[in-house]
């Protein structure tokens, strides 16, 4: 029976550790990276933000590379994830966005009709996102064999929720209303998004990334009986279209009632949010699927290094002996994340035997 902690399986590099765990092979300790590890909490990122907007940082390959590398330099994570945003897809389809000074996203218009959906173009998505292609190729050369490189995208459902509201809002209701009242029109939007996301991820895979994550951040807005038709089936189609060329992490937030659907999504790794007990869910997930997670980001923002270390160790112990555990948060780092707490997490994972 393979064990997650195996002194004889000490990988040569962080990249190898991540890649072995992603395939449920023995490693010396769980690899780690953190959602939203680039930016937000880092002073070096905030300094760049004094000069550049978020969108400028995303669209300039040299700057995107720098921001991606900042947390790896500081903390020595096993994987780097491209600094970008899920909304590059709608922008490349013709729906531009920017970040408001007061926080949150504002799009140039909301997708509210069949006419709006017909205007969205899939044809030039890869061409318009060539800056992502360039940044990933630069990162692959920079990271070499030392650190794994992750690409990502938003799920079609989650992208649709933003696109139909046209902004960050307290409650995302328009996509759900369309799904319930006019499935034909809803499916027309999701079909376009599925094609765009598939092409985008195929482009990312060609740059030499080690794995990719699909963020279904709004999956939990759906009732369990609606999830598969409105969100899951589209993510599954994308994963199938990628043909297993790299491991896929499926992170669907707040969808605990849909474990069978997620297990059968075709993903190699299931991202587990902080609302889930890992010790319990590991009993449900087959041994051939890796699991990623799941410390609450609240601890990083509000606890002490001692508490973070203790909570991190609880998760590590809960997953001991389970091949394919990738340590992460149960959602992204918040702007209030404390550097000393991130350091405590990193030190605890690195010391785990």
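The values are calculated or read from the model by the stated rules, or taken from the named source; none is laboratory data. None of the values given here were measured: they were computed from a predicted structure. When we count neighbours, we look across all protein chains shown, and the Cβ atoms used for this are built from the backbone with ideal geometry, even at glycine.
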Quick one: residue 46 ticks every box in (1) under 14 Å from residue 143 (Cα atoms); (2) surrounded by fewer than 21 Cβ atoms within 10 Å (Cβ to Cβ) bar one, so which box is it? (1)
Looking only at residues in region 119-142 that are touching a helix residue (DSSP H, G or I) at 6+ places or on another chain (Cβ under 8 Å) and either part of a strand (DSSP E or B) or without any contact (Cβ under 8 Å) to a residue 40 or more places away in the chain (or both), which one is nearest to residue 161 (Cα to Cα)? 121
Quick check: anything in region 218-229 under 27 Å from residue 80 (Cβ atoms) and at pLDDT 95 or above? yes
Out of (1) surrounded by 16 or more Cβ atoms within 10 Å (Cβ to Cβ); (2) part of a loop (DSSP other than H, G, I, E, B), the one residue 69 does not meet is (2)
Could you please find all residues in region 72-102 being touching a residue at least 40 places away in the same chain (Cβ under 8 Å), part of a loop (DSSP other than H, G, I, E, B), under 21 Å from the mean Cα position of the chain (by Cα) and closer than 21 Å to residue 59 by Cα? 82, 83, 84, 86, 87
Are there helices (runs of 4 or more DSSP H) fully within region 148-254 with at least 3 residues that are in contact (Cβ under 8 Å) with a residue 24 or more places away in the chain, touching a strand residue (DSSP E or B) at 6+ places or on another chain (Cβ under 8 Å) and surrounded by 19 or more Cβ atoms within 10 Å (Cβ to Cβ)? List them. 156-165, 183-206, 233-242
